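Every number here is computed from the coordinates shown, using simple stated rules; none is lab data. Here the structure is a predicted model, which is why all the values come from computation and not from measurement. Neighbour counts are summed over all protein chains in view; Cβ atoms, including those assigned to glycine, are modelled from backbone coordinates with ideal geometry.
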Amino acid sequence: MNMLEKIEAQFAALSKAEMKVARQILAEPQAAMQSSIATLAGIAGVSEPTVNRFCHRLGARGFPDFKLQLAQSLVKGSNWVSRGVEDDDTVENYSHKIFDSALAGLQRVRDQLNSAHLQQAVTLLAQADKLAFFGLGASAVVAHDAFTKFLRFNLPVIWSDDIVIQRMSCINSRAGDVFVLISHTGRTKNMVELARLARVNGSTVIAITSPDSPLAHEAAIALVLDVPEDTDVYLPMVSRLAQLTVIDVLATGFTLKRGAPFRENLKRVKEALKASRYEKNTLREEDDQQKN
């Protein structure tokens, strides 16, 4: 395993202080590689001896040796695609790597999600007068998925990937509105500004983002997804899957919180949508007729 893979594999065995170092390195490996031990310790919020212990735990002889191994692991991967995928990988190799990474990432998020925060988010969603789901880039796709799910729930729901529309929605918001802002890094300036605009009007902000990010600090509730994926360098893969799964969890919690009468309404919506689809038996009959 290269150094980044070692950090991911040993993450659960690290101390709390060492985990802070690991998160910082996984989030910004290039910056860590160029940092002094004092700089990295300061950014991670730990002492320099903690960084040294972290390096030795990962099998390095010290911080300089750790940076050398980190640099080698960054060169080894096929940049801008996915960490761990190499230029000479066969389709079988890189497909297995991506599936394994997705499975491991989802399990990691499942084990670390704060159940109390999830419950609070579900309660706020169920009590909302209006919902809004906003994201930018890859996160906009996740926000749109949430919009299509919650649109079935007999509640005013809005979505847009246009930052001007998003800003106007937040400026015109009021108490009782709930904004779900989605950003893997939590460092996108526009998303952080949206959170502040919504809060000024008394609206509630739920963030689906990374721990200790600016967006997480601005939100009333932060559902933090500790996914070691640097989307500044690689394509967003595991982080997007984790976000989509959390949306499924929130939608499920919403339907359970609203109770049986609400689920009857959901059933009527599904029945109404059936008219837009061919029945399975009809399709088989048509296929059989064409074959004959």
Structure-derived Rg/Rh (Cα atoms, Kirkwood Rh): which label, when the choices are (1) 0.97; (2) 1.02; (3) 1.05: (3)
GNM flexibility winner over the chain from 143, 242, 60 (Cα, springs under 10 Å): 60
Region 120-228 shape via C-alpha gyration tensor axes, a/c threshold 1.5: rounded
Loop-exposed chymotrypsin sites (Phe, Trp or Tyr not before Pro) per DSSP, neighbour cap 16 Cβ within 10 angstrom, longest uninterrupted part of the chain: 81-277
Neighbour count of at most 16 Cβ within 10 Å plus DSSP loop: longest trypsin sites (Lys or Arg not before Pro)-free window in the chain: 62-173
Cα-Cα over 21 Å, subset of 67/97; 130/257; 97/189: 67/97; 97/189
Cα-based reach from residue 274 at 18 Å (exclusive), listing lysines while leaving out same-chain residues under 8 positions away: 149
Amide hydrogen neighbours beyond the local backbone of residue 157, cut-off 5 Å, H modeled: 131
Two-decimal log10 I(q)/I(0) for region 50-188, as the Debye equation yields it once each C-alpha is a single scatterer, q = 0.11, 0.17, 0.18 Å⁻¹: -0.68, -1.06, -1.11
Net charge contributed by nearby residues that have their C-beta within less than 15 Å of residue 56 (K/R +1, D/E -1): +2
Listed residues 180, 205, 91, most fluctuating in the chain (Gaussian network, C-alpha, under 10 Å): 91
Structure-based [θ]222 nm, the chain - -39500 (n - 2.57) summed over DSSP H runs of at least 4, per residue, nearest 500: -19000 deg cm²/dmol
Neighbour count of at most 13 Cβ within 10 Å plus DSSP loop: longest GluC sites (Glu not before Pro)-free window in the chain: 87-278
